[in-house]
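Down below is the structure, laid out as structure tokens.
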Amino acid sequence: MHVPKRIRPQVPSTDRSEQTAERTATRTASEPIVVTPTDELQIDAVAPVPTEHGTFLMHVFRWVGDDEEHVAMVRGDVAGKERVAVRVHSECLTSEVFHSLKCDCREQLHLALEDIARREQGVLLYLRQEGRGIGLANKIRAYALQAHGADTVDANRMLGLPDDARRYDMAALMLEHLGIRSIALMTNNPQKVEELRALGVDVADRIPMIVTPNRYSEPYLEAKRVRMRHQLPVRSSAPPPRPSSNSVIPIGRRSVTGDAE
Ligand SMILES: [Zn+2]
């Protein structure tokens with residue numbers, strides 16, 4: 001059984017938060033943050049990256065002794081600021097690279113970047129914890145079970161895996177390093193709010209992230225609403241939009257969606 005790699009638990013210390021805020025408070029938006037590596041977390045690189053949503057200052061973070069690289073996409077001056085719009089986003093290769101329609105991760109990623117750019121201030125944290133933390137192979141094993149009718153929660157349980165194995169200690173430390181005082185968290189997931197608060201992050205507000213489902217993602221979003229308490233609109237009785245005739249339809253439509261047609 002694959003054991004998901006866990007990032008080390010780390011409760012942010014007030015002292016280091018103050019030091020970080022001091023270090024970052026005097027910089028201008030165009031200057032990279034210079035942070036002295038700690039024995040736990042380090043920033044390996046910082047550079048501006050132009051995207052279709054505008055230019056973000058990209059920071060690459062890594063636990064010392066761990067190869068996994070996590071990203072902060074920063075827009076505007078966030079150090080010492082309150083209620084900064086923050087998306088804590090976990091990697092989803094299937095959706096973000098291959099445009100899988102089974103979930104809404106890619107849409108949420110781009111909605112968040114677009115919204116942060118519009119606000120001219122905010123941060124998107126991109127954490128390398130694929131498949132709600134169970135890894136790519138386990139996620140695809142769960143998809144195989146979903147093809148036979150299990151929902152996303154039951155499929156994980158049938159594999160002996162947690163419903164959600166994501167951890168946010170890295171996110172808490174990244175926010176601390178960026179000197180952010182409090183955040184408006186861009187999420188529908190109350191558990192994420194609770195876990196970040198437990199790690200010492202001041203979540204002052206929540207910004208809903210509502211994406212229109214497609215016929216493949218709707219069962220997944222419904223399972224997240226009903227079984228994982230995600231704050232999503234109640235499913236309409238109206239049929240969801242179908243892909244247009246020139247869309248690429250996955251082979252074995254019934255097995256992909258797991259629904260009975
Ligand atoms: Zn996804």
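Every number here is computed from the coordinates shown, using simple stated rules; none is lab data. Bear in mind the structure is a predicted one, so any value in this text is a computation, not a measurement.
So what's the projected area for segment 178-227, the Cα convex hull averaged over all directions, in nm²?
Directional mean of the projected Cα hull area for segment 178-227 stands at 4.3 nm².
So what is the diffusion coefficient of segment 83-158 in µm² per second by Stokes-Einstein at 10 °C and 1.306 mPa s, using a Kirkwood Rh over Cα pairs? Spell out each step's value before the answer.
Values: Rh = 13.5 Å.
Here the translational diffusion coefficient equals 118 µm²/s.
One way to sum up the overall shape of segment 108-201 is the equivalent ellipsoid from its Cα gyration tensor, whose semi-axes run 29, 16, 11 Å, largest first.
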